[in-house]
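Please read the structure below before turning to the comments.
The values are calculated or read from the model by the stated rules, or taken from the named source; none is laboratory data. Everything numeric here is computed off the predicted structure, so don't read it as measured data. Quick reminder, even Gly has a Cβ in these numbers, built from the backbone with ideal geometry, and neighbours come from all protein chains shown. Calculation scope for accessible area: heavy atoms of the full protein, side chains included, ligands and nucleic acids excluded. Shrake-Rupley method; radii C 1.70, N 1.55, O 1.52, S 1.80 Å.
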Amino acid sequence: MTQLNVVGKSVVRPDAYDKVTGGKHYPVNYSLPGMLHGKLLRSPYPHAKIVAIDTSEAEKLPGVKAVITHADVPQNVFTPVYFVPAHAKSMVQDFVVMSDRVRWAGQPVAAVAATSADVAEAALQLIDVEYEELQPVFDPEEAMKEGAPQLHDNAPNNIAKAPSFSFGDLEAGFAEADHIFEGVYQTQRVHTCYMEPRVCVVDSETDGRITVHSSMQHGFGLREKMAVALGIPESKVNVVKPTYIGGGFGGKLDVGHIEPVAALLSLETGRPVRIEHTRGEDFIATTRNPIKVYLKTGVKNDGAYTARYIKSILDAGAHATHGAEVIMVHGLYGTFFPWKCPNQTWEGFSVYTNNIIGGGYRGYGAPQGCFAVESQNDEICEKLGLDPIEFRSGNTHKEGDPHPVLQGHTLNSYRLDDCLKKGAERIGFDRRAPANSSEGAKKRGIGFACHPLWVSGCLGFPDIYEHSGATVKLNRDGTADVVSSCIDLGSGQITMLTQVVAEELGLASEAVRVVYADTDTAPFDAPTHASRATYSAGLATKAAAVETRNRLFKAASAVMEANPGDLYLEDGKVLVKGAPDSGVPITEITARAESAFVQMTEEGPRLTTIEEKGTIIGSASQAPPSNPSPVAAQFVEVEVDTDTGEVKVLHVVHAADAGRVFHPKAAEGQVEGGFQQGMGYALMEHLQFDQDTGACLSSDFLDYKIPTSMEMPPKIESIFVESNEPTGPYGAKSMSELCLIIPAAAIANAVYNAIGVRVTELPITPERVLRALGKL
Amino acid sequence: MKQIIQLDVNDEVHEIAVQPYDSLLRALRETLGLNASKRGCDSGGCGCCTVLLDGKAVYSCMTMAMQVKDRKVTTVEGLGKVAGLDPIQQAFIDADAVQCGYCTCGIMMAAKQLLAENPNPDEDAIRKGISGNLCRCTGYQKIIEAIQLASER
């Protein structure tokens, strides 16, 4: 690998200073003079028709400036997901911002803008809505039956989307098998739990243009969806990129109700309007879709797969939105293509119910798939007495294999075997005892799981945007400014962009700043999602920095009277190859480039040249060349209290092939935080709903428990098996989703090893453990 | 009906009008424009709004503004500025304990109380000390390292 000066080092995050002194740039802090505050009235019924709405009393309340209902909202039907066009053929268009048909408890039916949030809240109580209740359906398999209540006219049996893939001969494959394993694996609805709420401030101009500030993961996606929702041209919407946001994890990857509603309220009042979710509203905004996986696998005595049939039923909730894509990714990358099986069929069903809408969440369909497949893999190894590591190795891809999904692409870097080996060594896998063999009430177990195929972006996915752009400008004081639409969710995108530019321009990372960007002025970028930022935005920013460097060398060649091709950068200087004493500071080149043609000096006028003039700037906008797969294996040790049913995670080793690691500490932080979310998914998190009304009963963190410092294991160890991904920036690919995709499966397998009983439904709560042990 | 109260925040006394039901968090953010304390849940569940009240960490969303008159409130604005950071702030930077950062201010205030009362806490004491604060990015490991680092300095 090439010698690098900045990439690969744990440089200080430029945004950290801001964040430890108060963090003034979060969208939640944004405010404008004369700003109104909006609130949404939500339906208490899961399925109903609105017969009438009377807003007259609300409008009379002093301080109320506008009230809107579905009658004031354009009835434009679209897909609210940021990363695809609003009318993408591969998605499902079934969403309007406000409708007279209610499909989930909590659906907004009216909105108020008032001089304070208190007045707006009080006004909601004065809106009189007459509903005609309809029969709801909450279970996706019930919803698929004949005679079930129908949610959308164009979706018979409530099936929003039913993709399937198949190859080989399934029947022959099962006939060839020595053993057939069947199981059903159920996952639950959870929330991303970003800490900063969804919040926006929308202002409008007299010519109908609107400016949007929002805590979200994609400015250009928000611009497009706002334009479609409101029925105005995209150029009338300017979305300002937030300097940073307080977490996203996929939960801010679609236009919610708040931005279009705030826009309509602003257009009506001529004043800026701010809407902020309560935590209870965030919990019902978007969630990870529950998926029930029916899995049947045929294997030979030696563990080789012969056939696999998978049926996945995804609870989309009231609208398809992400559920139309999560089912695809779950099928492609969560269950079907990660494993090498000669005869496979997968059938997926994304099903409407009167539950709340699903959504994006880090891992996007794969945690549900990994939990199913890796639980069953563990069962297979246990039953047949196979070495579980050799079993994984034997049924997965190898470096140099063709990419199983992307035709014409190769798995250039793929070190799953190393991850398995090093992870096993570190945790001491050879000391693992047979299942349920420890003495006493508290039983220990070791388990692991891996995920053999994932993404670095979305190249190859139908309809999904995958290009990035950046502008890099050198300043006269020797610093560089980067304009990029890549949003930092907290995972370090600002730092990554500065590292790339510093590396290419021979600067210290502190000399590079990521500056203001909005959709009016900055090049397009796809969202910060799908593990794509370092790979895709990193490559585009690298290309922009190379342009800048070329421009610098062109100016320097005039100053230094040298061939641009003979120049190189080191320590803030431009040097001529072979003449290490020839250095001219970058600041001198940029100062001359930006100076007047004739400079007055003590010695009199000094002429500069035309060739050296002009801002040293470069830009690029491009799609990445590929979509390399990261891989990882995760080993955990648990202790299960067989009296209380409580599962404690004691030790975690996550071994990952992420290509070149850009920032070791940030990479560890991704693994540690990813494990926390994965452990919450495995053991405790579960949004609860009223069985009759469908209302979400989890309204805050007192009802919805996520791991605190007390539940987290004492040690999460990261091992990076550094490979060189030839298509990536400096050999890098992605890393931040596998660490959350794997934990549920790894923990479930460790729990099995501890108690000898398998829990196939998440979360593995004390109640489920005790039930599995026959104690309840 | 609003009432005028005196609020001592970071050794500066402010005279502000508050409703009886206004939380301290609201007074800090919306009246005084002190935005370091964040709203994450408004129900005492996340700790993003943690401030010190006479040196003790409290959830400012669960504390009424009227309750704290004549008491000393300390927020992150009262810790160091970039020119002279508090050791806890510097330790959070050095340990790479700040990801999205939304929880950071609240956790640093919880850590301030912990270190004031126990200058050399072991890992278990640190875990307990920040157990009322949620973080969704870091898994707490680097936050715990940061507090250890601050205690060593």
Practice prompt. Taking only segment A:330-339 into account, find how many residues are in a helix (DSSP H, G or I) and either open to solvent by less than 10 Å² (accessible area, probe 1.4 Å) or among the hydroxyl-bearing types (Ser, Thr, Tyr) (or both).
Written response: 6
Worksheet entry | Selected residue (only one of B:GLY40, B:GLY78, B:GLY45, B:GLY55 is surrounded by fewer than 22 Cβ atoms within 10 Å (Cβ to Cβ) and within 14 Å of chain A (Cβ to nearest Cβ)) | B:GLY78
Worksheet item: Can you tell me which residues in segment A:474-495 are open to solvent by 10 Å² or more (accessible area, probe 1.4 Å), at negative phi and not polar (S, T, N, Q)?
Response: A:ARG476, A:ASP477, A:ASP481, A:VAL483, A:LEU489, A:ILE494
Practice prompt. Assess whether A:GLY428 counts as being open to solvent by 20 Å² or more (accessible area, probe 1.4 Å) and either out of contact with any helix residue (DSSP H, G or I) (no Cβ under 9 Å at 6 or more places or on another chain) or more than 26 Å from A:GLY731 (Cα to Cα) (or both).
Written response: no
Practice prompt. State which residue is nearest to the chain's Cα centre (by Cα) when the search covers only segment A:182-191 and only residues that are assigned to a loop (DSSP other than H, G, I, E, B) and surrounded by fewer than 24 Cβ atoms within 10 Å (Cβ to Cβ).
Written response: A:ARG189
Worksheet entry | Residue check, A:PRO625 more than 14 Å from chain B (Cβ to nearest Cβ) and in contact with an Asp or Glu (Cβ under 8 Å, 6 or more places away or on another chain) | no
Response to the item:
Restricting segment B:1-37 to residues that are open to solvent by less than 10 Å² (accessible area, probe 1.4 Å) and within 22 Å of A:TYR194 (Cα to Cα), the one nearest to the other protein chains (Cβ to nearest Cβ) turns out to be B:ALA36
Worksheet item: Just one of the numbered conditions (1) touching a residue at least 60 places away in the same chain (Cβ under 8 Å); (2) farther than 18 Å from A:GLU588 by Cα is not true of A:GLN493; which one?
Response: (1)
Discussion item. For segment A:340-382, which positions are part of a loop (DSSP other than H, G, I, E, B) and in contact with a Ser or Thr (Cβ under 8 Å, 6 or more places away or on another chain)?
Written reply: A:LYS340, A:CYS341, A:PRO342, A:ASN343, A:ILE356, A:ILE357, A:GLY358, A:GLY359, A:GLY360, A:TYR361, A:ARG362
Fill in: Among the candidates A:THR590, A:THR642, residue that is surrounded by 12 or more Cβ atoms within 10 Å (Cβ to Cβ) and closer than 30 Å to A:PRO714 by Cα
A:THR642
Worksheet, complete the sentence: Among (1) crowded, with 24+ Cβ neighbours inside 10 Å; (2) closer than 21 Å to B:LEU7 by Cα; (3) within 8 Å of another protein chain (Cβ to nearest Cβ); (4) touching a residue at least 60 places away in the same chain (Cβ under 8 Å), B:VAL73 falls short only on (3)
Practice prompt. Determine, yes or no, whether B:LEU149 is under 13 Å from the mean Cα position of the chain (by Cα), more than 8 Å from chain A (Cβ to nearest Cβ) and either open to solvent by 40 Å² or more (accessible area, probe 1.4 Å) or over 19 Å from A:TYR26 (Cβ atoms) (or both).
Written response: no
Worksheet entry | Count - residues of segment A:282-323 that are over 26 Å from A:GLU382 (Cβ atoms), among the small types (Gly, Ala, Ser) and either touching a helix residue (DSSP H, G or I) at 6+ places or on another chain (Cβ under 8 Å) or assigned to a loop (DSSP other than H, G, I, E, B) (or both) | 5
Discussion item. I'd like to verify a number: residues in segment B:58-70 that are at pLDDT 95 or above, away from chain A (no Cβ under 13 Å) and not in a helix (DSSP H, G or I), how many?
Written reply: 3
Practice prompt. State which residue is least open to solvent (accessible area, probe 1.4 Å) when the search covers only segment B:107-125 and only residues that are over 13 Å from the mean Cα position of the chain (by Cα) and touching a residue at least 24 places away in the same chain (Cβ under 8 Å).
Written response: B:PRO121
Worksheet item: Hey, does segment A:323-332 have a residue that's of a type outside the set (A, V, I, L, M) and over 20 Å from the mean Cα position of the chain (by Cα)?
Response: no
Response to the item:
Restricting segment B:129-143 to residues that are assigned to a helix (DSSP H, G or I) and more than 7 Å from chain A (Cβ to nearest Cβ), the one least open to solvent (accessible area, probe 1.4 Å) turns out to be B:ILE143
Item to complete: Could you tell me which residue of segment A:634-685 is nearest to the other protein chains (Cβ to nearest Cβ), considering only residues that are among the acidic types (Asp, Glu) and under 22 Å from A:ALA424 (Cβ atoms)?
Response: A:GLU672
Worksheet item: If you take the residues in segment B:92-106 that are facing chain A (nearest Cβ under 9 Å) and among the small types (Gly, Ala, Ser), which one is farthest from the chain's Cα centre (by Cα)?
Response: B:ALA95
Item to complete: Find all pairs meeting these conditions: Cβ atoms under 6 angstrom apart; at least six residues apart or on different chains; first residue within segment A:430-453 and touching a residue at least 24 places away in the same chain (Cβ under 8 Å); second residue small (Gly, Ala, Ser) and open to solvent by 10 Å² or more (accessible area, probe 1.4 Å).
Response: A:ALA435/A:GLY756; A:ASN436/A:GLY756; A:ARG444/A:SER438
Response to the item:
Restricted to segment A:115-138 and to residues being open to solvent by 70 Å² or more (accessible area, probe 1.4 Å) and not in a loop (DSSP other than H, G, I, E, B), the residue nearest to A:GLU281 (Cα to Cα) is A:GLU121
Worksheet entry | Residue, surrounded by the most Cβ atoms within 10 Å (Cβ to Cβ), within segment A:685-710, restricted to residues that are in contact (Cβ under 8 Å) with a residue 60 or more places away in the chain and under 19 Å from A:VAL647 (Cα atoms) | A:TYR704
